[in-house]
Structure formats: structure tokens, C-alpha cells
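Below is one structure; the comments refer to it alone.
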Amino acid sequence: MKRDRQKDHRFKIAEKEAWIGIGLVLFNFIWWYGFAYGIGSGPAEEYKYIAGLPAWFFYSCVAGFLIMVVLVAVAVKFFFKEVPFEDKTEGENAE
């Protein structure tokens, strides 16, 4: 079974796409954590507000969400490939 995975190009594509997904998740967590616990760690009386929300919340949740939507869309558009799920072997007829 392991030998078949090495020959099949789909596993290489899936592994690359999985690493891209892991990178996006790590970026999202670092972004969220940095703003939530960086800016938001001060006293509440010193908070700055953007659109009625504390700045730390706006940057970590609202801006972070919008940035992640754009990054995921770019990743899917330019780095992900469509691969067939069927395991076709040579000599099989397509039905």
C-alpha cells in the first residue's frame, strides 16, 4: 500500500494542500492571539475603540476574519488543484 501512495501524484498534492491549510490555521491563531492578548491585555479604561468595538477585538476578530477570507480564497484559487477521487489504473475503461 505504501508503494502505491508513492506512485500516486494525488498524495503529493494532498500533502502540499494540507501544509498550506496548517500554515493558514497557525497564521490565524497567531494573528488572533497577538491582538487579543497584546492590545487587549491593558486596563479596560485605556482601550481605544474602532466602530464601537475595542481595538483589540476589532483587529483580532473582525479584521482577522476578513484577512483570513482573502488568504483562503487566494490559496484555493492559486495553490489548490482539483484531483479526481477515483483510483484509475491503466487499462480500465472510463464509465
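Computed values, structure above
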item: Span from the the stretch 5-52 Cα centroid across to the the stretch 54-75 one, whole angstrom; result: 9
item: Packing rank of 34-44, 72-82, 51-61, where each peptide gets the mean count of other beta carbons within 10 Å, highest leading; result: 51-61, 34-44, 72-82
item: Convex hull volume per residue in cubic angstrom - Cα atoms of the stretch 2-78; result: 79
item: Relative contact order [Cα under 8 Å, 6+ residues apart], the chain, whole percent; result: 29
item: On Cα atoms only, tilt of 64-78 relative to the major axis of the chain in degrees; result: 20
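Where a number appears in this text, it was derived from the coordinates with a stated rule and is not lab data. Keep in mind that this is a model prediction, so the values were computed, not measured. Reconstructed Cβ throughout: ideal geometry from the backbone, glycine too, with neighbour counts over all protein chains shown.
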